[in-house]
Amino acid sequence: MPAHAAWEPRRWARNGAVRLAFDRYLPERGGEPLLIATGLGANRHWLPDGFCEQLTEHGFAVARYDQRDSGESTHLPPTAVRNPITALLTRRGADYTAEDMADDAVAVLDELGWHSAHVLGVSLGGAVVQRLALRHSPRVRTLTSADAVPGDVTGLRTLRYIRLRTLAKFARVKFPDTREGAIEAGVTVAKLLASPRHEFDETAVRARLEAEPDSGIHDAQAQSRQIGARWSGPAITAITRPTLVVHGEDDPLIVPGAARAIASRIPGSRLLILPGVGHDLPEHAWQPLATAIRELADGSAR
């Protein structure tokens with residue numbers, strides 16, 4: 001089946017003035033609701049279809065959405081801070097809060113008609129779903145946070161978890177604002193974030209990006225607004241939902257110590273370190289991750 005045929009037509013949710021693009025994978029299959037939040041600047045198409053297939057085979061109904069300032073969702077006006085590193089280290093130019101981004105996920109759940117769901121967040125999305133579990137606990141059945149920093153850490157305190165050299169390379173990705181530029185930027189970023197211990201399949205990455213180019217992957221202004229969104233809610237120690245914390249052993253952007261910090265602070269959480277995985281979801285990680293999320297869901301039901 002062609003990748004585009006597996007997904008329902010794009011739909012929209014609203015949180016105030018922000019419009020959020022989302023879709024579902026093979027909705028006719030049914031299953032337990034599972035919502036996936038994407039990473040910094042990345043649209044929902046970065047999520048591998050093969051991984052979503054694994055999740056459906058494990059009994060989940062999968063939906064994904066574009067964060068505000070990424071993909072087809074609303075992009076906010078430019079702010080004074082136009083560099084992700086500057087946005088990380090200062091409070092200047094914040095356009096919205098981390099609470100707003102957590103509320104975006106609830107807007108998508110509402111539009112899907114899901115009173116509650118299992119949630120999976122990758123990279124920035126991992127911090128978003130941690131905050132979702134704090135701010136809207138009854139809407140979260142289980143929480144899986146992958147390749148993320150603690151959701152209650154912002155600003156200078158984030159530095160202990162981020163490899164700034166990689167973030168700087170990410171921020172310096174400059175390509176023309178064209179379809180071809182988006183493809184080349186996407187290939188560059190995917191290679192930068194992949195595990196150095198596994199051969200990078202540029203052909204497969206390029207083919208995926210040619211089908212769904214993503215200009216947001218090198219939109220430093222949008223990334224600055226996302227990374228500059230500050231959390232002022234409770235600490236992640238207050239999370240009560242069953243939690244799985246996942247991290248790639250070879251993550252070149254977020255140190256695995258971030259996952260260990262999250263797992264140590266969320267009561268009863270489980271830690272899963274994936275060998276040979278970078279800041280991405282390569283094929284050899286799909287089965288073990290889908291299985292772990294299924295086990296988390298089964299444990300919560302019991």
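Given the residues ILE262, ILE217, which is the only one that is within 20 Å of the chain's Cα centre (by Cα), buried (at least 19 other Cβ atoms within 10 Å of the Cβ), within 13 Å of GLY41 (Cβ to Cβ) and β-branched (Val, Ile, Thr)? So that I can check it myself, show each step before the final result.
Details: ILE262 fails: within 13 Å of GLY41 (Cβ to Cβ).
After ruling out the rest, the residue left standing is ILE217.
Would you mention how many residues in segment 131-160 are closer than 15 Å to ILE262 by Cβ and modelled with pLDDT under 95? I'd like the intermediate steps shown before the answer.
Pass one, segment 131-160, residues closer than 15 Å to ILE262 by Cβ: 131-134, 142-154, 157-158, 160.
From the residues that got through so far, the ones that are modelled with pLDDT under 95 too are 153-154, 157-158, 160.
Counting residues in segment 131-160 that are closer than 15 Å to ILE262 by Cβ and modelled with pLDDT under 95 gives 5.
The rows are residues; the columns are (1) touching a helix residue (DSSP H, G or I) at 6+ places or on another chain (Cβ under 8 Å); (2) modelled with pLDDT of 95 or more; (3) not basic (Lys, Arg).
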| position | (1), (2), (3) |
| --- | --- |
| THR240 | yes, yes, yes |
| ASP250 | no, yes, yes |
| ARG265 | yes, yes, no |
| SER269 | yes, yes, yes |
Exactly one of PHE170, PHE175 is buried (at least 16 other Cβ atoms within 10 Å of the Cβ), among the aromatic types (Phe, Trp, Tyr), in contact with a His (Cβ under 8 Å, 6 or more places away or on another chain) and under 19 Å from SER215 (Cα atoms), and that one is PHE175
Would you confirm, using the coordinates I've provided, whether ALA204 is modelled with pLDDT under 95, surrounded by fewer than 16 Cβ atoms within 10 Å (Cβ to Cβ), under 28 Å from TRP7 (Cβ atoms) and not charged (D, E, K, R)?
yes
Give all pairs with beta carbons closer than 6 Å in which a residue from segment 150-172 that is of a type outside the set (Asp, Glu) meets a residue that is surrounded by fewer than 16 Cβ atoms within 10 Å (Cβ to Cβ); count only pairs at least 6 apart in sequence or on separate chains.
THR154/ARG230
The conditions are (1) of a type in the set (A, V, I, L, M, F, W, C); (2) within 22 Å of THR154 (Cα to Cα); (3) without any contact (Cβ under 8 Å) to a residue 24 or more places away in the chain; (4) not in a helix (DSSP H, G or I), and VAL246 fails exactly one of them. Which is it?
(3)
Among the residues that make up segment 226-236, is at least one of them within 18 Å of the chain's Cα centre (by Cα), part of a helix (DSSP H, G or I), under 28 Å from GLU99 (Cβ atoms) and not hydrophobic (A, V, I, L, M, F, W, C)?
yes
Tell me, please, whether a residue that is within 15 Å of the chain's Cα centre (by Cα), β-branched (Val, Ile, Thr) and part of a helix (DSSP H, G or I) can be found in segment 146-157.
no
Which of the numbered conditions does THR166 fail, given that it passes all the others? Conditions: (1) in contact with a Pro (Cβ under 6 Å, 6 or more places away or on another chain); (2) more than 13 Å from ASP280 (Cβ to Cβ).
(2)
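If I ask for residues that are in a loop (DSSP other than H, G, I, E, B), farther than 11 Å from THR243 by Cβ and aliphatic (A, V, I, L, M), which ones from segment 254-279 would you list? Give the derivation first.
Initial filter on segment 254-279 (in a loop (DSSP other than H, G, I, E, B)): 255-256, 266-269, 275-279.
Right, trim to farther than 11 Å from THR243 by Cβ and you get 255-256, 275-279.
Hits for segment 254-279 are VAL255, VAL277.
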Which residues, counting only those in segment 23-59, are over 13 Å from LEU124 (Cβ atoms) and either in contact with a Cys (Cβ under 9 Å, 6 or more places away or on another chain) or without any contact (Cβ under 8 Å) to a residue 24 or more places away in the chain (or both)?
TYR25, LEU26, GLU28
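Collect the residues in segment 26-44 that are more than 10 Å from the chain's Cα centre (by Cα) and buried (at least 23 other Cβ atoms within 10 Å of the Cβ), keeping them in residue-number order. Can you show your working first?
To start, the set of residues in segment 26-44 that are more than 10 Å from the chain's Cα centre (by Cα) comprises 26-35.
Correct list: LEU34, LEU35.
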Residue count, segment 193-210, condition under 16 Å from LEU253 (Cβ atoms) and in contact with a helix residue (DSSP H, G or I) (Cβ under 6 Å, 6 or more places away or on another chain), comes to 1
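Step by step: first the residues of segment 265-302, then only those that are of a type in the set (Gly, Ala, Ser), under 19 Å from LEU193 (Cβ atoms) and buried (at least 17 other Cβ atoms within 10 Å of the Cβ), then the one that is farthest from the chain's Cα centre (by Cα). Which residue is that? Please lay out each step first, then the result.
Filtering segment 265-302 for residues of a type in the set (Gly, Ala, Ser) gives 268-269, 276, 278, 285, 290, 292, 297, 299-301.
Keeping just the survivors that are under 19 Å from LEU193 (Cβ atoms) gives 276, 278, 285.
Now narrow it down to the ones that are buried (at least 17 other Cβ atoms within 10 Å of the Cβ): 278, 285.
Numbers: GLY278: 14, ALA285: 16 Å.
Filtering segment 265-302 for residues that are of a type in the set (Gly, Ala, Ser), under 19 Å from LEU193 (Cβ atoms) and buried (at least 17 other Cβ atoms within 10 Å of the Cβ), the one farthest from the chain's Cα centre (by Cα) comes out as ALA285.
The values are calculated or read from the model by the stated rules, or taken from the named source; none is laboratory data. None of these values were measured; they are calculated from a predicted model. Positions of Cβ are backbone-derived with ideal geometry, glycine not excepted, and every protein chain shown enters the neighbour counts.
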